[in-house]
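Heads up, the thing below is written out as structure tokens.
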Amino acid sequence: MTDLRAAVQALAHAPRLLVALDFDGVLAPIVSVPSDARPLPESAAALEELVGLPGTAVALLSGRGRADLAAVSGFGSPIRLIGSHGSEFDDDGASLLDDEQRARLDRLAAELRELVGGEQGVTLETKPAGVAVHVRNAPPEVGTRVLDAVRAGPAAWDGIEATPGKAVLDLSVARMDKGAALDLLREREAADAVLFAGDDVTDETAFARLRPGDVGVKVGPGDTAAQHRVDAPPDITTLLQQLVETRRRRA
């Protein structure tokens, strides 16, 4: 953590700073029922303080649909909410699909309902541009069988983007990439430096887009392109509080 504290200390002096964070497993502990997830109160308070400081933008960049992200996080403007792995930008409204994509989404949802219907512990999460197959609460053998069937079936269709995560496979009829979303956020906020924290394999595209002077933080185990690692969401609370303290002194 010593190197991370030093990196955050330096980051806090950026003229314009973008703080972009995944939600589940970063601001909020992972829970068995996704709708029960809530940010740690101390982390939520730190984000509210950060976004009120001069030259500081805050965004949540999540695989959840944007409406779902707003409901579980409790955040709204001026904190930016980017959903569906970057497919839903808050200032662009809901994802706009053409007729072919909408028809493909209807077919995808119907196929997945038939494929996973009745499977123990498997749930489907409908999003504006796709459907996520969650197996976190399924017995291991069921989760493996279902995800294998989804990969061999709908995930292999033309026009479907498949994004694997922790006990979830996201299928979308539109391109999803947190890295591209982070680049767009950086541009729109005219940020001189970025802090990005994530816990899942879907966050690696964002870590890969970080530049010299940025800070990337991986939460939990697993291979990563991030320069720094912490164990769990309470460590992110500590990081955010340090950032608030240092950046407030700068202001």
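The values are calculated or read from the model by the stated rules, or taken from the named source; none is laboratory data. The model shown is predicted, which means the values in this text are computed figures rather than measured ones. Cβ atoms come from the backbone with ideal geometry, glycine included; neighbour counts cover every protein chain shown. Heavy atoms of the whole protein, side chains included, go into the accessibility calculation; ligands, DNA and RNA do not. Shrake-Rupley method; radii C 1.70, N 1.55, O 1.52, S 1.80 Å.
Using a simple spin-label model with pseudo-atoms 7 Å out from Cα toward Cβ, Gln9 and Glu187 lie 3.6 nm apart. Modelled this way, with points 7 Å down the Cα-to-C-beta line, the labels at Trp157 and Ala232 are 4.0 nm from one another.
Listed values for the stretch 5-13 are Karplus-derived 3J(HN,Hα) couplings in whole Hz (6.51 cos²θ - 1.76 cosθ + 1.60, θ = phi - 60°), namely 4, 5, 5, 5, 4, 5, 4, 4, 9, and x replaces Gly and Pro. Available extension along the chain between Ala208 and Thr246 is 11.0 nm, counting 0.36 nm per residue and deducting the alpha carbon span. Quick one: with all protein chains in place, what share of the accessible area of the stretch 77-194 is carbon or sulfur, to the nearest percent (1.4 Å probe)? The value for the stretch 77-194 is 48 percent carbon and sulfur by accessible area.
Summarising the overall dimensions of the stretch 93-165 from its C-alpha atoms, the Rg and Dmax are 12.5, 39 angstrom.
Normalised by the number of residues in the stretch 147-220, the average gap of Cα pairs under 8 Å and 6 or more apart makes the relative contact order 26 percent.
For Arg107 and Ser32, the FRET efficiency from 1/(1 + (r/R0)^6), where r spans their Cβ atoms and R0 equals 30 Å, is about 0.50. Remark: the stretch 23-34, residue by residue, has Karplus-estimated 3J(HN,Hα) of 9, 5, x, 10, 7, 10, x, 5, 10, 6, 10, x Hz, where x stands for each Gly or Pro and the curve is 6.51 cos²θ - 1.76 cosθ + 1.60 at θ = phi - 60°. A simple rule links phi to the HN-Hα coupling: the Karplus curve 6.51 cos²θ - 1.76 cosθ + 1.60 with θ = phi - 60°, which for the stretch 206-220 gives 6, 4, 5, 8, 5, 10, x, x, 7, 10, x, 10, 8, 9, x Hz, with x for Gly and Pro.
A 1.4 Å probe run over the chain, with the rest of the protein chains in place, finds 44 Å² accessible per residue. The charge dipole of the chain, taken about its Cα centre with unit charges on the Cβ of Lys, Arg, Asp and Glu (plus for the first two, minus for the last two), comes to roughly 640 debye. The mean of 1/r over all distinct Cα pairs in the stretch 59-207, once inverted, gives the Kirkwood hydrodynamic radius of 16.0 Å. What the Cβ-Cβ distance of Ser77 and Ala149 gives, at R0 = 41 Å and to the nearest 0.05, is a FRET efficiency of 0.50. Note: relative contact order over the stretch 105-251, using C-alpha pairs below 8 Å and six or more positions apart, is 14 percent.
Of the whole protein surface, Arg136 contributes about 110 Å² of accessible area at a 1.4 Å probe radius.
As an equivalent ellipsoid, the chain spans semi-axes of 33, 19, 15 angstrom, where each value is the square root of five times an eigenvalue of the C-alpha gyration tensor, largest first.
When every alpha-carbon pair in the stretch 153-251 is counted, what percent end up more than 17 Å apart? Tail of P(r) above 17 Å: 60 percent of Cα pairs. Distances between placed amide hydrogens fall under 5 Å for Gly165 paired with Asp170, all partners being 5 or more residues away or on another chain.
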